[in-house]
Amino acid sequence: MVSDILQTNLNGLILNNPILTASGTYGYNDEYEEFIDVSNLGAIVTKAITLKPRAGNKHTRIIETKAGMINSIGLENVGIEKFLNKKLPVLKEKNINFIMNLAGSTLDEYIELAKICNKNSIKAVELNVSCPNVKSGCLEFGVDENSLYELVSSVRQEYKGFLAVKLTPNVTSIEKLAQACQRAEADAISAINTLKGTRIKLDIINGKVNKTVVTGGYSGRGVKPVAIGAVIRIKQATDLPIIGIGGIENLNDVLEFFTAGANAVQIGTANFTHPEIAEKLVFELENFIKTNGFKDLEELKKELRK
Ligand SMILES: Cc1cc2nc3c(=O)[nH]c(=O)nc-3n(C[C@H](O)[C@H](O)[C@H](O)COP(=O)(O)O)c2cc1C
């Protein structure tokens, strides 16, 4: 149990600390229990949940790159009904704070998901409007400010809890999209989702060429500068709290995101190689604040942003 110097207030959503895990890299918690005490995290963000279960893509889904990875999972998930019946009771019983990441293919699907979350008193939701690995749906909302405004305001009408919107970096002006979210009364912006990319892996033996080509979302160490840049631009364009995501691997990365303007952070790809990393960062951040003589996290953030 960590002390309250790390307490983080995201527009009324109070978290014990600002270290969260990113959607799609942490399942629904079960996989990580053997490594850490998940209840020590600020929150976990669930894998994207859709109205119906999805099997995801059939082709190669994951490939490593020099500074990260490319994934093309295709939103494989258990669907909202199974999440509510099977996964939610476990999260509650274990006292794990969570944010539900939601994805849909149409406006109506998002509205339906919002209604279900509201009915089931889900405290916090993150709208995935930025997944690059599915043929129809969510990315289209995330790249057009008018569609995004319509989507977020429609969800806002149906869902009264904490509403974050997760933006894609694959746009010309992330500022305009963040402003559309603010006008639609979102509570926070999560940034960023993955960058669209392709890896071609060649294996050439005795003149015979074997190719593996994976197109999908690029994540990990290599995307950090893009994410930091996005956080800075969103901070300048809106008053919304920002959850910074992208390539975070150590405490220094976390501090850089706070300096850029993030109020909290999510750890994604790093969980795959270091399943204990998120909890470790909670303790390291607390220790850093104490040993450097700051009163609390807010004082540290102020100093970083001077
Ligand atoms: C395997 C994998 C699956 C992902 N699935 C989702 C998802 O379902 N919903 C979502 O909003 N983001 C998803 N993401 C994006 C991450 O949550 C995060 O925004 C991105 O990977 C950047 O952070 P990172 O560099 O720390 O991984 C996924 C990322 C990976 C690597």
**Study point:** Debye-sum result for the stretch 239-305 in log10 I(q)/I(0), which assumes one identical scatterer on each alpha carbon, at q = 0.12, 0.22 Å⁻¹
**Key:** -0.30, -0.94
Exercise for review: Calculate, for Phe272 and Arg305, the FRET efficiency according to 1/(1 + (r/R0)^6) with r their C-beta to C-beta distance and R0 25 Å; round to the nearest 0.05.
Suggested key: 0.20
Practice item. Would you work out if the stretch 159-306 is rounded, prolate or oblate? Take a ≥ b ≥ c from the square roots of the eigenvalues of the alpha-carbon gyration tensor; rounded if a/c is under 1.5, else prolate when a/b is larger than b/c, oblate otherwise. Key: oblate
Exercise for review: Run down the lysines and flag those whose C-alpha is under 28 Å from the C-alpha of Lys290, throwing out any fewer than 8 positions away in its chain.
Suggested key: Lys224, Lys235, Lys280, Lys301, Lys302, Lys306
**Study point:** For the chain, the Rg and Dmax computed from alpha carbons only, in angstrom
**Key:** 18.7, 64
Point to revise | Under Karplus coefficients 6.51, -1.76 and 1.60, residue-wise ³J(HN,Hα) of the stretch 223-236 in Hz, glycine/proline x | key: 8, 4, x, 5, 5, 4, x, 5, 4, 4, 5, 5, 4, 5
Revision key, fill the gap. Rounded to the nearest 10 Å², the accessible area of Thr172 using a 1.4 Å probe with every protein chain kept is 140
Practice item. Could you please put Phe257, Phe98 in sequence from largest to smallest accessible area, using a 1.4 Å probe? Key: Phe98, Phe257
**Study point:** For q = 0.10, 0.20, 0.21 Å⁻¹, Debye-computed log10 I/I(0) when each Cα of the stretch 6-121 counts as one equal scatterer
**Key:** -0.34, -1.22, -1.29
Check your understanding: Using alpha carbon centroids, what distance separates the stretch 84-104 and the stretch 1-73, in Å?
Key -> 12
Point to revise | Label-point separation, Ile232 to Arg183 (7 Å along Cα→Cβ), nm | key: 2.6
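If you restrict to DSSP beta bridges whose two residues both lie in the chain, what percentage is antiparallel, to the nearest 5?
The antiparallel proportion sits near 45 percent.
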Exercise for review: Pick out which of Lys92, Lys160, Lys208 has the largest mean-square fluctuation in a Gaussian network model of the chain, springs linking Cα atoms closer than 10 Å.
Suggested key: Lys208
Review point. Where q = 0.12, 0.13, 0.21 Å⁻¹, what log10 of I(q)/I(0) comes from the Debye formula for the stretch 211-280, counting one point per Cα?
Key: -0.34, -0.39, -0.85
Check your understanding: Rounded if a/c is under 1.5, else prolate if a/b beats b/c, else oblate: with a ≥ b ≥ c from the C-alpha gyration tensor eigenvalues square-rooted, which is the stretch 44-89?
Key -> oblate
Revision key, fill the gap. Between Asn101 and residues 5 or more places away or on another chain, the pairs with built amide H atoms under 5 Å apart involve Thr46, Ile49, Glu126
Point to revise | Residues of the stretch 79-94 with amide N under 16 Å of the 7 Å Cα→Cβ point at Glu34 | key: none
Study note, to complete from the structure: GNM on the chain, Cα springs under 10 Å; top mean-square fluctuation among Gln236, Gln182, Gln266 goes to Gln236
Check your understanding: Measuring with a 1.4 Å probe in the full set of protein chains, what accessible area per residue, in whole Å², belongs to the chain?
Key -> 45
Point to revise | Label point at Lys295 placed 7 Å out along Cα→Cβ; residues across the stretch 250-289 whose backbone nitrogen lies under 16 Å | key: 289
Study note, to complete from the structure: Carbon and sulfur atoms account, in whole percent of the 1.4 Å probe accessible area of the stretch 159-306, for 50
Check your understanding: Which whole-number percentage describes the relative contact order of the chain, with Cα contacts under 8 Å and a sequence gap of 6 or more?
Key -> 20
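The values are calculated or read from the model by the stated rules, or taken from the named source; none is laboratory data. No experiment lies behind these values; they were computed from the predicted model shown. Cβ atoms come from the backbone with ideal geometry, glycine included; neighbour counts cover every protein chain shown. When the accessible area is computed, the model is the full protein with side chains, heavy atoms only, and any ligands, DNA or RNA have been set aside. Shrake-Rupley method; radii C 1.70, N 1.55, O 1.52, S 1.80 Å.
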